[in-house]
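Here's the structure we're looking at; comments come further down.
Here, each number is a calculation from the coordinates, and none is a lab measurement. Note that the structure is a prediction, hence the values are computed from the model and not measured. Every residue, glycine as well, gets a Cβ built from its backbone with ideal geometry; the counts of neighbours run over all protein chains shown.
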Amino acid sequence: MREYQLVTEADLARARQDAGFRQQLLVENLDLLLVELGRLRTDPAAIDKARALQMREGAQLAVRLADLLHALAPEGDGADRPTSA
């Protein structure tokens, strides 16, 4: 897995102004989150109540990130799926 780079205030400021950068930032973080969730899911030594809660929270965050990416997608790109509630 790639090493995670914290998002800086400068990154956030740029993301507010640059839709392409904002989408790239969301995609990269969603990818990292999904890789980590997959790793946690397959680690038999990591199955406990705290880990299950972390995985649930991670999955909820992944859905929120995917919804944000869907909202940022240009119309007509084939991403015609409803957002989650």
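Table for the structure above
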| quantity | calculated |
| --- | --- |
| Inter-probe distance in nm under a simple model that places probes 7 Å from Cα toward Cβ, at D67 and L12 | 2.1 |
| Farthest toward positive dipole pole in the range 9-72 [+1 Lys/Arg, -1 Asp/Glu at C-beta], among L26, A52, L69 | A52 |
| Given charges at beta-carbon only (K, R positive; D, E negative), |dipole| of the range 9-72 in Debye | 200 |
| Approximate spin-label separation A45-E57, in nm, with each point projected 7 Å along Cα-to-Cβ | 2.3 |
